[in-house]
Structure formats: structure tokens, C-alpha cells
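A short write-up of the structure that comes next.
The values are calculated or read from the model by the stated rules, or taken from the named source; none is laboratory data. All values derive from a computational prediction rather than experimental measurement. Here the Cβ positions follow ideal geometry from the backbone for every residue, glycine too, while neighbour counts run over all protein chains shown. The accessibility values were calculated without ligands, DNA or RNA, using every heavy atom of the protein model including side chains. Shrake-Rupley method; radii C 1.70, N 1.55, O 1.52, S 1.80 Å.
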Amino acid sequence: MLTVTELEAKLAEPSAQLVADLASLEGDILVLGVGGKMGPSLARLAANAVREGGGGNRIIGVSRFSNQEARRELEEAGVQTISCDLLNDGELQQLPEAPNVIYMAGNKFGTTGREYFTWAMNSYLPGRVAEKYKQSRMVVFSSGNVYPFSPVGSGGVNESVAPEPVGEYAQSCLGRERVFEYFSHQNGTPMAIYRLNYAIDMRYGVLHELARSIHEDRPIHLAMGHANIIWQGDANEMALRSLLHCSSPPEIINITGPETMSIRWAAQELAARMGKEVTFTGTESETALLNNASKSHQLFGYPKVSLLQMLDWTAAWVQSGGESWNKPTHFQERKGKF
């Protein structure tokens, strides 16, 4: 895959399991915050799965849609779109009802200096949405950032580990979860809390950042020496399939790949594929932000795209001058400042 068209087509390929799961799901699927990094491909994936399964479920994507080209592309893919500022309560209340809601709205980058906006998006808005859609089942996107750091040899933290968020972004993510959890208890709304880190495609993500640094002869920082990643198409599929695993109180599901990936190893693998030298600065810490997603693998199977495949694709993409979104994950951050 060397073009955006090929990449988008790959991201929107549904598996047989997704087709079957969505065929068993009654009613429309509403995606709130569809305009982010993962939203457009998730909506297209859902539309393709419903079409392939012969269902009549509408996929409805809601965003401010500052990018009208992205909105047009979604409409062409069979996704109905609605422009809405979710923080405007009048606009929120005008949204259609839907029995299935994927909640992707939130704010991370630029938190420092605009903490008030991050808390409004991540912790206030969820209460308004939970009240509006109390009759729906909901998959709520969250983050592995709510967890404490764990030893790199521990296999990561599973859903039984109590949150210990570092920094205001992670704290506001836990706030989002707790607010949704409150309304799930209050109204009996079935929910799944979807704790993700880190999704990638070739235009952004941990591997893209490593490959860009190598391509531009910049050193790789090793303070956060290990990470988890998952192909965005697999992460989107698991989010949609999570609609069948909602409960009250909410089901918590960690989402990522099965490996604890060494940043040093990944950088060396990328450099070898790119025919480049790689240099490092700093040393690996004994702990990292690591997510154990064994539960999701039991529910949905292992991700379809392997780590080595992601390395192959990313190296070829960056080396060929492929598009970059220039949206760093800041996975190296150890003090929670985003």
C-alpha cells in the first residue's frame, strides 16, 4: 500500500465476523466524533459490513466537519453525516435517536494550556450525551492512559487494575469513564468502556514517528522504551463488535496488540527495511504505559494485521514519501503533559 486510496480501502475491509455481528444488531449506528483520526475509517468499515451483510442499518457520523472534503467522502461511502457541535446542547438535543452509539468525541493534544476545554470535552460532555442516549447501547472510547505505569516484563495491566492516571488528560479520561459509569448505573444503559493504546495507520502513530525520525536522521528517544500498538482497522473492528458486549454496569475492554514492543527493536527493524542507520538517545526505563488486552483477544480473536506487517507497511510508506498527518502520539510522555 503506497497510496491513501489503497490504505483507506484496506482499513474499510470488514471481516466475516464483523459482518455477522452487525447483521445481528438491530437499528442504526450513530458515531459521535466521527471526524477524528479513527472515526472516518470506522464509519466506512461499518457501512461496508452492513452492506455486505444485507442489512438496512444506517451509519450516521456526527462531527463539526471543519473538513468538508472528509464529509463528502463519508457520504460517498454510504455514511449519513450530521454537522453538530456536541458542546452546544441545543444542537446535541436535535440529533436523532439511535439504539447503537459509538462515542469517539474527546480532546487530547493541546491539553496543556487549555485544560478547561479538555475537561469539558472529556468529562462534562459525556454526562449530556449519556442523558440524551440513555435508551441506547454505547461503546465509549477511552485510553490506556488511565492506567499506572507497569514493569516492562509484567505483560501490561489488565482490566482488574485500578486506574492511576498521570496528568490532566488522563485524569479527564477517567472522568469521562466515571461519568458514563454513573449514568449506566442510574439509567441501566448498557455500555462498554474501550481502553485503547495505541492505534496506528501509516499516516500517524508510534511506528510512523519512529520511521520519520529514522528517515530524517533524527535520534530515537528511549525513555519510554516499550509500547503496545494495534492496526487501526483491527481497533475499529473491535470497537464495532464491542456493541455486542455492552452491559450495566459497563464492561471494560482493553484494546491493543498482543506484544510488549521494544522501541529499540522496532526502530532497528524499521531502519533495516529502509536501508538506514538508526541512533538512540537515553536509556529504557524499567516501567512503561502497557496494556494487557488478553480479554479482547478472547472476545474478538487476535488482530488480523501482525506487528511485522505493520513494520513492513510503515517503512515502505515513509520511504516513498507517503502522507503524514503530523499528529504525534507523544507516546514518549512520562509526566502526562499533552
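Data table
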item: Percent carbon-and-sulfur accessible area, the stretch 119-192, ignoring ligands, DNA and RNA, probe 1.4 Å; result: 50
item: Along principal axes, Cα extents of the stretch 115-234, largest first, whole Å; result: 53, 31, 30
item: For Val157, residues with placed amide H under 5 Å, excluding near neighbours; result: Leu290, Asn291, Asn292
item: Cα Rg, Dmax, the chain, angstrom units; result: 19.2, 57
item: Percent of beta bridges antiparallel (DSSP, the stretch 87-228, rounded to nearest 5); result: 10
item: Leading residue at positive end of dipole, the chain (Cβ point charges), from Leu25, Asn100, Ala315; result: Asn100
item: Partners for Lys304 among aspartates and glutamates (Cα-Cα distance below 18 Å; same-chain residues under 8 apart left out); result: Glu6, Glu8, Glu13, Asp21, Asp201, Asp234, Glu237, Glu259, Asp312
item: Rounded to 5, the percent of DSSP beta bridges in the chain classed as antiparallel; result: 15
item: Estimated vicinal HN-Hα couplings, Hz - the stretch 82-95 in sequence order (Karplus 6.51, -1.76, 1.60; Gly, Pro = x); result: 9, 7, 7, 8, 4, 6, 8, 5, x, 5, 4, 5, 7, 5
item: Cα lying deepest toward the dipole's positive end in the stretch 199-338, options Ala199, Thr279, Ile252, charges on Cβ; result: Ile252
item: From phi via Karplus (6.51, -1.76, 1.60), per-residue ³J(HN,Hα) for the stretch 39-55 in Hz, x at Gly/Pro; result: x, x, 6, 5, 5, 5, 4, 4, 4, 5, 5, 5, 4, 5, x, x, x
item: Test item: Cα-centred dipole of the stretch 209-338, Lys/Arg +1 and Asp/Glu -1 on Cβ, debye; result: 220
item: Zone of His215's modelled label, taken as backbone nitrogen in the stretch 304-338 under 18 Å from a point 7 Å along Cα→Cβ; result: 309-330
item: Rounded percent of accessible protein surface that carbon and sulfur make up, the stretch 6-47, 1.4 Å probe; result: 51
item: Derived scalar couplings ³J(HN,Hα) [the stretch 58-72; Karplus, 6.51 cos²θ - 1.76 cosθ + 1.60; whole Hz; x for Gly, Pro]; result: 7, 9, 10, x, 10, 6, 5, 6, 5, 9, 6, 5, 4, 5, 4
item: Debye, to nearest 20: dipole size of the chain, +1 on Lys, Arg Cβ, -1 on Asp, Glu Cβ; result: 340
item: Dipole moment magnitude, nearest 20 debye, the stretch 31-145 about Cα centre, only Lys, Arg, Asp, Glu C-beta charged; result: 200
item: Restraint check, Lys10/Lys337; Lys134/Lys327; Lys276/Lys327; Lys132/Lys337, Cα-Cα greater than 29 Å; result: Lys10/Lys337; Lys134/Lys327; Lys132/Lys337
item: The stretch 47-178 shape via C-alpha gyration tensor axes, a/c threshold 1.5; result: prolate
item: Residues Gln93 and Glu286, FRET efficiency given R0 of 41 Å [Cβ-Cβ distance, rounded to 0.05]; result: 0.25
item: Modelled FRET efficiency - R0 25 Å, Ala162 with His185, Cβ distances, 0.05 increments; result: 0.85
item: Average accessible area per residue (Å²) across the stretch 42-133 - probe 1.4 Å, nucleic acids and ligands excluded; result: 45
item: Apportionment of accessible area to carbon and sulfur, the stretch 291-338, percent (1.4 Å); result: 49
item: 5 angstrom amide H check on Ile255, placed H, neighbours 5+ away; result: Arg195, Leu196, Asn197
item: Inter-site label distance for Ala120 and Val4 at 7 Å from Cα along Cβ, in nm; result: 3.0
item: Built amide H within the under 5 Å cut-off of Met191, gap 5+; result: Met138, Ser247, Ser248, Glu251
item: In range of the label at Asp312: residues from the stretch 197-226 whose backbone nitrogen is under 16 Å from the point 7 Å along Cα→Cβ; result: 202
